[in-house]
Amino acid sequence: MNEKYDVIVIGAGAAGLMCSFEAGKRGKKVCLLEHSSKIAEKIRISGGGRCNFTNLFSTDSNFISNNKHFCKSAFSKYTQDDFIKLVKNHKIEFYEKKLGQLFCTKSAKDIIEMLITECKNQKVEIYINTKIENLAKKENSYLVKTDKGPISSSSIVIATGGLSIPKIGASDFGYKIAEKFNLKVTKLEPALVPLIFERDILDFCKSLAGVSLNASVSINKISFDEGLIFTHKGLSGPSILQISSYWNKNCAIKINLLPQQDINVLLKERRISTPKQILSNILSDYLPNKLALAICNKLQINKKIGDSSNKDIQKVSDFVNNWTITPSGTEGYKTAEVTLGGIDTKEISSSTMECKSHPGLYFIGEVLDVTGHLGGHNFQWAWSSGFVAGQNV
Ligand code: FDA
């Protein structure tokens, strides 16, 4: 470890690696510090081990932030096409799974190797297992005290990510640094996270654990139409993870278990065409068998459709097309994919990622108050914000 660098980057995740080699390309002497024993662990576990590294349709509308416009500048400077070009240059095979989501064909490790190779090409010095004991500003430079010795630089980049999955290295380091430099941090919450329930809804979900289907889940006007899965604690799956980013305590969510069809109309038709059929059997033409039966048992209506009143049919259709339930909470940072909120974007220049009140101090990636939807958007933010800082440090 040398004593002086042009740039010190803290956090060897998606954004930190991208920023490091981009700064290296500009001839900067870069030191990248990581406190864990492994680099980019979140990339490794992402996308079920295949890393959904970007999304073809990613735009600012896929992000939640107090300032919706903040991410636009970085996205215009480094797009998904730019990252796809990099992936292609490294001959990494990938495919579109659905909805513009691009995944590695083989393994997320291909992306990690690519980023490390790019860093090596630019002679970025990477130090793992390195604890940062103190960070201070002295005149025009930043002094970092590590357990491997003190170093300094004129630019310092905080790329330490959010709070989710602490067991693979997540820490509150970035937020603590913000506090130290008197920067505002917005409210932090686990997001893209399964929802949990209590009492009868929990029992209902538990009895169906493992059952999955396509569902539309909404809070007010925000709605996601994707997969849903019942779990031993409540509900998960893409549509639930997506809505969790908009959920506040005590707020109800509406679930349409059959988004493409009006079950009320269907059941009334079946009352005429197949009057002797049992309600749960009819429902299982449209829903998983186990769910169809569980709904009828829960509502205590499981008779021949011909004997079912309009009131019975209405009860069933309220459940199927408009199930309104209030989660008791989320599974928390232990399973959340991201942290909602972060360093207030008012503190940061959107065109450079530099802190407005502390020249030379940069924040990139998830540590900022920019949170993407599920589907490769969060990595695109890490690449774009990392690139922009890399051009300006
Ligand atoms: P990131 O968390 O990647 O990196 C931060 C780094 O800083 C880590 O290496 C950490 O160890 C290090 N660090 C923390 N504190 C430190 C300290 N005090 N000193 C030194 N180093 C420190 N997104 C997506 O777009 N597509 C996907 O498929 C998925 N899938 C997915 C699955 C799972 C299970 C999770 C948890 C998350 C995802 N995500 C995702 C989200 C995505 O992983 C996340 O948004 C990015 O990794 C954020 O990139 P950053 O570089 O900002 O942080």
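The values are calculated or read from the model by the stated rules, or taken from the named source; none is laboratory data. Predicted, not measured: the structure shown is a model, and the values here were computed from it. Note: ideal-geometry Cβ built from the backbone for every residue, glycine included; neighbour counts use all protein chains shown. With ligands, DNA and RNA removed, areas are computed over all heavy atoms of the protein, side chains included. Shrake-Rupley method; radii C 1.70, N 1.55, O 1.52, S 1.80 Å.
One table, with the values for the structure above:
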read-out: Filtered residue count, the stretch 221-236, keeping only those that are touching a strand residue (DSSP E or B) at 6+ places or on another chain (Cβ under 9 Å), open to solvent by 10 Å² or more (accessible area, probe 1.4 Å) and within 17 Å of Leu374 (Cβ to Cβ); value: 8
read-out: Residue match in the stretch 254-263 (condition: part of a loop (DSSP other than H, G, I, E, B), surrounded by fewer than 22 Cβ atoms within 10 Å (Cβ to Cβ), more than 36 Å from the chain's Cα centre (by Cα) and not charged (D, E, K, R)); value: no
read-out: Count - residues of the stretch 204-243 that are under 21 Å from Gly332 (Cβ atoms), of a type in the set (Lys, Arg) and assigned to a loop (DSSP other than H, G, I, E, B); value: 1
read-out: Top-ranked residue in the stretch 161-191 [being of a type in the set (S, T, N, Q) and within 13 Å of the ligand (Cβ to nearest atom); ranked as surrounded by the fewest Cβ atoms within 10 Å (Cβ to Cβ)]; value: Ser171
read-out: Residue selected from the stretch 30-84 under the condition under 22 Å from Gly174 (Cα atoms) and basic (Lys, Arg), by the criterion modelled with the lowest pLDDT; value: Lys68
read-out: Number of the condition not met by Ser76 [criteria: (1) outside any helix (DSSP H, G or I); (2) free of Cβ contacts under 8 Å to residues at least 12 places away in the same chain; (3) small (Gly, Ala, Ser)]; value: (1)
read-out: Residue count for the stretch 78-137, restricted to those that are among the polar types (S, T, N, Q) and in contact with a helix residue (DSSP H, G or I) (Cβ under 6 Å, 6 or more places away or on another chain); value: 2
read-out: Single unsatisfied condition, Ser164 versus (1) under 26 Å from Ser284 (Cβ atoms); (2) of a type in the set (Gly, Ala, Ser); (3) in contact with a helix residue (DSSP H, G or I) (Cβ under 9 Å, 6 or more places away or on another chain); value: (1)
read-out: Answer residue from the stretch 16-50, given it is in a helix (DSSP H, G or I) and closer than 15 Å to Leu361 by Cα and is farthest from the ligand (Cβ to nearest atom) among those; value: Ala23
read-out: Test: Ser155 is among the hydroxyl-bearing types (Ser, Thr, Tyr), farther than 25 Å from Cys51 by Cα, open to solvent by less than 20 Å² (accessible area, probe 1.4 Å) and away from the ligand (no atom under 14 Å from the Cβ); value: yes
read-out: Selected residue [of a type in the set (A, V, I, L, M), open to solvent by 80 Å² or more (accessible area, probe 1.4 Å) and within 14 Å of the ligand (Cβ to nearest atom)] from Leu56, Leu99; value: Leu99
read-out: Residue check for Phe63: more than 14 Å from the ligand (Cβ to nearest atom), under 22 Å from the mean Cα position of the chain (by Cα), in contact (Cβ under 8 Å) with a residue 60 or more places away in the chain and crowded, with 16+ Cβ neighbours inside 10 Å; value: no
